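Structure record follows, encoded as structure tokens.
Just so you know, all these numbers are worked out from the coordinates, no wet-lab data involved. These numbers were taken from a predicted model, which means no experiment stands behind them. When we count neighbours, we look across all protein chains shown, and the Cβ atoms used for this are built from the backbone with ideal geometry, even at glycine.
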């Protein structure tokens, strides 16, 4: 089997201390990102093989009853059975979170937070250009490290980020 690497599938976050020019504005954000639960997911830069991804999706079957009742995806890759559950993803990405932690925010929660981020636009639809540069860096890190977007987008939304039905 020819293993084709998908270059730039995701990008590792560069979370070193900022340069002197940006030190005052971004030091606290970089410290926060380095200490948050998703730091491993931001920094990890795995090799992704297009042929293996295609083989996975050609053979996948969703089982709604497996994975502690949350469902699982089962597939065959190179004649090996592979099972993916929410818990496995949490372990691989080293989230170290609890099952009781919130995973979804209501529209009201999002709308209440946006003014605290100095957001100047309307919701729904989050545009990076309407966010203070401090928070814009966080949105950029999220878009580039955790989604399939590769730039050229100013909008952060569930479907555009890759976590919705377009994943």
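Give, in nm to one decimal, the length gained when the segment between residue 107 and residue 87 is fully stretched (0.36 nm per residue of separation minus the Cα-Cα distance).
Working: separation 20, 0.36 × 20 = 7.20 nm, distance 2.59 nm.
Fully extending the segment from residue 107 to residue 87 adds 4.6 nm.
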- Could you state the number of Å between the C-alpha centres of region 97-137 and region 38-57? 26 Å
- Under a no-solvent Debye model with one identical scatterer per Cα of region 48-92, what's log10 I(q)/I(0) at q = 0.16, 0.26, 0.28 Å⁻¹? -0.43, -0.94, -1.01
- For the residue 24, residue 45 Cβ pair and Förster radius 30 Å, calculated FRET efficiency rounded to 0.05 is 0.55
- Item | Potential lengthening between residue 95 and residue 35 on full extension [0.36 nm per residue; Cα-Cα distance subtracted] | 20.5 nm
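If r is the Cβ-Cβ distance from residue 129 to residue 79 and R0 is 45 Å, what FRET efficiency results, to the nearest 0.05? Could you put the intermediate results ahead of the total?
Working: r = 49 Å, r/R0 = 1.08.
Using R0 = 45 Å, I get an efficiency of 0.40.
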